[in-house]
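The structure under discussion appears below in the form of structure tokens.
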């Protein structure tokens, strides 16, 4: 049964899930999205996974016509995964989600996109609250790194793809929105969390993966801010505090 938000606003909304070796968790996220009536498309980009991520997604494509699977033959990074999905849809509104979220509910999804649909913001940043202390702290300490977003699709037109490469996508997106005057709003996602990379990638690989991610973030910050902000401190001081 569509809720009141869906009944009043009927724009095309696409949810985008980049996924790399998320066979253990992506089914949980898709189950939640399956129950969100306001979504017109659910696009999963399997970014060169070596596990059964794609097979699991295919079971949902047969179950729900809104679900589509895009596959990259090799791992191209989260930014390219998002761009692949965006270029495959005409939806004017997007919801970006990680594929390993825990305790996610349809209400979280609706809350994430509502400020954009009602023209109170151009992009939302979903921050974990009351899920797990480490992920809560990471989100509120660096909100620009969250992968949970609701946004107008046209914001992606101003994102520098070079800056968004690898794990630099969230930083590049946040900076592009700020530089172009898009309005942002923080949306608490109560109870939601996701496992740290060391948990589901293995300790040794997970630590190496995390340092690689930090390197991508710093690279994205350097490229994306060089046109307007002379250094990282200027960018961070200009960002609204949660």
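Legend: ranking of residues 99, 88 from fewest to most surrounding C-beta atoms inside 10 Å; resulting order 88, 99.
For segment 34-180, the square roots of the Cα gyration tensor eigenvalues, ordered a ≥ b ≥ c, give a/c below 1.5, which places it in the rounded category. Among 178, 78, the order by Cβ neighbours within 10 angstrom, fewest to most, reads 178, 78.
What the Kirkwood sum gives for segment 139-181 is a hydrodynamic radius of 10.6 Å, with every pair of different alpha carbons counted.
Each value in this text was obtained by applying a stated rule to the coordinates, not by laboratory testing. Keep in mind that this is a model prediction, so the values were computed, not measured. Quick reminder, even Gly has a Cβ in these numbers, built from the backbone with ideal geometry, and neighbours come from all protein chains shown.
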